[in-house]
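To keep things clear, I will list the structure first and then write my remarks on it.
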């Protein structure tokens, strides 16, 4: 985990490593909450977008694989972003066992405050397990920040990340979302130095 001061707020921007992301999601024992956190951390969805995802928004394409459609994205422009096979399967399974239609949101809460509460609860569980109070700084939006930085650190073209994440321009993405280097990229580069 690394942090950087936020320019306009008191709370910092936080980026998680992939191991830390898994730790966070695994700290939740409720499927709905796991899906919500994974949509932020694995698909880069904003909290309001997470609330709108329905099972019918997930599609399989021959060219690029499974995608989740974000119909009511910020700025009113719809987009599609990749969804991991495990998250897709988790949503499909949850959909089979509920009464609602596949065109209804998979997340039952209707406010982003609920998502903020869920990430706070998950963070507190991780603090209890690890003793590391830094987790209490984590916000739901930091999951999106982590997702974007991880993609770029895996050499995904930043313009493709902008397309998937719904950023209008590369400058906005670089200035506000991408960390200088993800924790995973820093660890990988450090391992190349034999005396460290």
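Only the coordinates and a few stated rules stand behind these numbers; no lab work does. The shown structure was predicted, so the numbers you read here are calculated from the model rather than taken from an experiment. Positions of Cβ are backbone-derived with ideal geometry, glycine not excepted, and every protein chain shown enters the neighbour counts.
Among 166, 40, 76, which one shows the highest mean-square fluctuation when the chain is modelled as a Gaussian network with alpha-carbon springs under 10 Å? In the Gaussian network model the winner is 76. Between residue 101 and residue 172, the modelled label-to-label distance comes to 3.2 nm, taking each label 7 Å out from Cα in the direction of the beta carbon. Computed over the chain, relative contact order equals 26 percent, with contacts defined as Cα pairs under 8 Å that lie 6+ residues apart.
Take the Cβ-Cβ distance between residue 31 and residue 156 as r, set R0 to 35 Å, and report the resulting FRET efficiency rounded to the nearest 0.05. Given R0 = 35 Å and the Cβ-Cβ separation, E is 0.80. Each residue, residue 72 and residue 190, gets one label point 7 Å from its Cα in the Cβ direction; the gap between the two is 4.3 nm. For region 65-159, rounded, prolate or oblate, judged on the Cα gyration tensor with a ≥ b ≥ c (square roots of eigenvalues), a/c < 1.5 rounded, else prolate if a/b > b/c? Verdict is oblate for region 65-159. The C-alpha atoms of the chain define a longest principal axis, and helix 85-96 lies at about 30 degrees to it. Rounded to the nearest 10 degrees, the angle from helix 140-153 to the longest Cα principal axis of the chain is 70 degrees. Put in order of Cβ neighbour count within 10 Å, fewest first, the listed residues 64, 58 become 64, 58. Placing a pseudo-label 7 Å from each Cα along the Cα-to-Cβ vector at residue 108 and residue 130 gives an inter-label distance of 3.0 nm. Quick one: Cα centre-to-centre distance for region 1-62 and region 68-88, in angstrom? Region 1-62 and region 68-88 have Cα centres separated by 13 Å.
Would region 40-121 count as rounded, prolate or oblate if I go by the C-alpha gyration tensor, calling it rounded below 1.5 in a/c and otherwise prolate when a/b exceeds b/c, oblate otherwise? Here region 40-121 falls in the oblate category.
Between the Cα long axis of helix 31-43 and the first principal axis of the chain there is an angle of about 60°, rounded to the nearest 10.
Let me have the relative contact order for region 55-107, percent, based on Cα pairs under 8 Å that are six or more residues apart. Please report the intermediate quantities before stating the final value.
On the way: 57 pairs, mean separation 18.1, N = 53.
It comes to 34 percent, rounded to a whole number.
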